[in-house]
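We did not get these values from a lab; they are worked out from the coordinates using the rules stated. Owing to the predicted nature of the structure, the values given are computational and were not obtained by experimental measurement. Here the Cβ positions follow ideal geometry from the backbone for every residue, glycine too, while neighbour counts run over all protein chains shown.
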Amino acid sequence: MALRRLFREQQKLWPTTQQVRWASTAPSIYDRMVQVTVVDVYGQRHVLRALTGHTLVDVLSEHQELLGNEEVTESPEGRGALECVVSVPNEFLNQIPQTKEYLQQLRQIAPSVTSNCRLGSKIILTKEMNDMQVALHEVFPWRTI
């Protein structure tokens, strides 16, 4: 009897389901996640996930065992930096600036450069780039890692 009364008193102190918050309003890692589809030089599609703020070449270098290391090369800037050349769809071209020195770097790395080619180190992933598709370009064979 005493236990029953104690249990009822404890029930009054428990929060009801209306008082408990089930969802958190704090940002999570999934809020910063971006999905990028990469088409390699053989035509195979690879879906990669990365965090906003990372560069595309960092994401590709983390997945070299999946993509192979023919498309990632050393940067002409030196200092052990990595570089890659990708084709970007037209809707994302305005988010990635291009300058004359940028074009010179592209020509040093890749044998064929088109107007949609961009350097992977200059592409900083943002939430607007979610579900972006890029195609890897071949680089000069003597420049690969």
Quickly work out the Arg45-to-Ser112 label distance, labels modelled 7 Å from Cα along the C-beta direction, and quote it in nm with one decimal. 2.2 nm
Stretch Gln35-Gln104 to full length: gain in nm at 0.36 nm per residue minus the Cα-Cα span? 21.9 nm
What is the spin-label model distance, in nm, from Arg5 to Gln133 if the labels are put 7 Å beyond Cα along the C-beta direction? 7.3 nm
Any chance you could run the full-extension gain for Glu74 through Asn90? It's 0.36 nm times the residue separation minus the Cα-Cα distance, nm to one decimal. 3.1 nm
